[in-house]
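Presented below is the structure to which this report refers.
The values are calculated or read from the model by the stated rules, or taken from the named source; none is laboratory data. These figures come from a predicted structure and were not determined experimentally. As a convention, Cβ positions derive from the backbone with ideal geometry for all residues, glycine included, and neighbour counts pool all protein chains shown. Just the protein is used for accessible areas: all its heavy atoms, side chains included, with ligands, DNA and RNA removed. Shrake-Rupley method; radii C 1.70, N 1.55, O 1.52, S 1.80 Å.
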Amino acid sequence: MRLASMTSAILLILPSFLAGQSAQNAAAKPEPLNAYLSCRYGAGLSVVSALRMQGEGWRYRDVPTADGKKKVSVIDGYRLMISQGEPSFFANLHIEKSDPRQYARDKDGVIKSLEYAMDARPPGPKAVWDHVPYNGFDVYSVTDTTMGANGPNGIYVLFRDSTQTIVTIYFLGQKPEHRHFGTIQEHDAIVDKMIEDLTTCANAPPAAVTAGNLPPLRTPEDLDRFMNKYYLQPRPDRIADAMVMLTTSGVLQIPEAVGPITGFFSEVFLTTPSRMSEWKSVIDKQPGFAKSVLDSAVSWSKAGGVLQLPGQLPQMNDLYWGAFFASGNPLYVKKLLELAAFATKRDDFNVWMIGATAKWSLASNSRQHFLVHSILEEEKRTSDKLKQDLVDDILKRDPGRMRQEMVDFRNKQIRSGKWK
């Protein structure tokens with residue numbers, strides 16, 4: 001996918017961005033949770049979306065137990081959706097790193113919560129409880145063995161005591177027409193294969209997670225690929241190279257690229273504060289315009305990021321997308337949806353342009369990024385009729401046709417003398 005902007009004359013699809021791999025990062029240390037992200041599953045399973053928690057740092061989540069809510073520490077984590085091809089969504093993974101000082105208490109609370117979930121199930125076939133050490137993990141599970149309307153489902157929790165990691169897997173019920181299995185035995189075989197692949201990856205991370213094996217960052221197209229997939233597999237070890245590449249690739253000579261790039265780095269800085277002292281030394285060495293762009297990104301991150309910027313300008317679309325692809329934060333998609341509503345304001349060119357470009361970019365990206373599509377679907381379920389209709393239009397209309405209609409409408413307004 002490519003980010004989008006619109007000049008006063010024509011709609012532009014922005015070229016790509018990213019780059020330059022420096023020698024000092026050739027043997028960069030992988031992120032602690034990268035092994036789970038880079039795993040390749042059998043049985044037709046694949047990761048269709050990955051969302052990182054908003055930044056690294058100490059926080060908690062609440063889990064219900066028979067004795068009330070318990071706090072579980074989380075200092076880093078991801079949410080992954082596993083599919084056998086849309087709409088056959090098979091599992092939802094929560095991968096979380098506990099505070100080592102609280103891991104034992106966290107583990108106890110999560111186990112008690114799983115017991116509570118089993119006891120609180122509605123009347124019907126009894127769920128199956130299991131606990132077994134497996135491949136370096138302590139595995140607990142509650143599973144439904146029926147093949148009802150939504151098929152089997154269950155919860156697995158994998159504790160890796162050596163790294164204080166808790167992996168929670170929610171196996172999702174599916175309608176018969178969406179299933180890639182016909183019996184409970186076939187379903188369980190897929191589950192077993194997934195657990196085998198996941199634990200194997202954790203024990204022997206693929207070589208691809210090391211910086212030396214990754215494609216170099218040299219051209220604007222390299223930067224585009226890096227930015228647009230960053231939220232799926234963050235690589236903070238490559239950010240210094242990306243900053244150096246802003247100058248060496250010439251990407252900042254493309255005016256439409258400046259907004260997305262600034263938004264992207266601002267969000268990276270905001271969500272990865274532990275690396276800022278390292279990155280600041282790189283920023284200070286950059287020449288001219290590159291340093292100015294990165295300084296702006298630093299300033300925005302200190303003020304709370306792109307979400308805190310005032311005003312409703314066409315450039316906000318680019319900033320929101322750049323920031324979204326750095327973190328996958330749903331709030332940026334929701335902001336763009338708010339701007340898309342301005343596409344009906346046809347008396348003012350600037351207001352219409354804000355809405356039209358936001359609407360088109362949502363339509364385009366929703367077809368290329370599962371996460372964007374799912375955020376819009378959730379907004380549709382929880383919004384009023386006006387916003388539901390807007391989301392419907394975004395998800396159903398062809399982006400290419402929508403873009404051409406925008407250009408045609410603008411030309412019509414100019415010919416009629418309403419716009420200059």
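Points to keep in mind about this one:
- Considering the conditions (1) farther than 22 Å from SER327 by Cβ; (2) in contact with a Pro (Cβ under 8 Å, 6 or more places away or on another chain), ILE375 is excluded by exactly one of them, (1).
- Top-ranked residue of segment 59-80 - restricted to ones that are of a type outside the set (D, E, K, R), at pLDDT 90 or above and surrounded by fewer than 17 Cβ atoms within 10 Å (Cβ to Cβ), ranked as nearest to the chain's Cα centre (by Cα): PRO64
- Qualifying residues in segment 116-134 (those that are over 23 Å from ASN203 (Cα atoms) and open to solvent by less than 80 Å² (accessible area, probe 1.4 Å)) - the one nearest to the chain's Cα centre (by Cα): ALA117
- Residue within segment 383-397 that is in contact with a strand residue (DSSP E or B) (Cβ under 9 Å, 6 or more places away or on another chain) and among the hydroxyl-bearing types (Ser, Thr, Tyr) present: no
- Tabulated pairs, segment 219-233, first in contact (Cβ under 8 Å) with a residue 40 or more places away in the chain and within 14 Å of HIS369 (Cα to Cα), second among the hydrophobic types (A, V, I, L, M, F, W, C) and assigned to a helix (DSSP H, G or I), C-beta under 7 angstrom, 6+ apart or interchain: MET227/PHE264; MET227/PHE325; ASN228/PHE325; TYR230/PHE325; TYR230/ALA326; TYR231/PHE325; TYR231/ALA326; GLN233/LEU37
- Given (1) touching a strand residue (DSSP E or B) at 6+ places or on another chain (Cβ under 9 Å); (2) farther than 19 Å from PRO234 by Cβ; (3) of a type in the set (Ser, Thr, Tyr), index of the condition SER296 fails: (1)
- Selection of first residues in segment 271-299 that are of a type outside the set (Asp, Glu) and of second residues that are open to solvent by 70 Å² or more (accessible area, probe 1.4 Å) and not in a helix (DSSP H, G or I), restricted to Cβ pairs under 8 Å at least 6 apart or on distinct chains, gives the following pairs, ordered by first then second residue: THR271/GLN54; LYS291/ASP284.
- Unique residue being touching a Phe, Trp or Tyr at 6+ places or on another chain (Cβ under 7 Å) and within 30 Å of GLU86 (Cβ to Cβ) when the list is PHE349, PHE324: PHE324
- Scanning segment 81-96 for residues that are open to solvent by less than 10 Å² (accessible area, probe 1.4 Å) and either under 16 Å from LEU33 (Cα atoms) or part of a strand (DSSP E or B) (or both) turns up ILE82, SER83, PHE90, ALA91, LEU93, ILE95, GLU96.
- If the condition is being open to solvent by less than 50 Å² (accessible area, probe 1.4 Å) and not in a helix (DSSP H, G or I), then segment 363-420 contributes HIS369, SER383, TRP419.
- Within segment 83-131, the set of residues being of a type in the set (A, V, I, L, M) and either under 25 Å from HIS180 (Cα atoms) or at pLDDT 90 or above (or both) comprises ALA91, LEU93, ILE95, ALA104, VAL110, ILE111, LEU114, ALA127, VAL128.
- Sole exception among (1) of a type in the set (A, V, I, L, M, F, W, C); (2) open to solvent by 10 Å² or more (accessible area, probe 1.4 Å); (3) closer than 20 Å to LEU390 by Cα for ALA340, by number: (2)
- Considering segment 225-334, the qualifying helices (runs of 4 or more DSSP H), each wholly inside and each with 1 or more residues that are over 30 Å from VAL391 (Cα atoms), open to solvent by 10 Å² or more (accessible area, probe 1.4 Å) and not charged (D, E, K, R), run over 239-248, 276-283, 288-302.
- Condition check for ALA27: farther than 30 Å from PHE349 by Cβ and either buried (at least 20 other Cβ atoms within 10 Å of the Cβ) or at pLDDT below 75 (or both): yes
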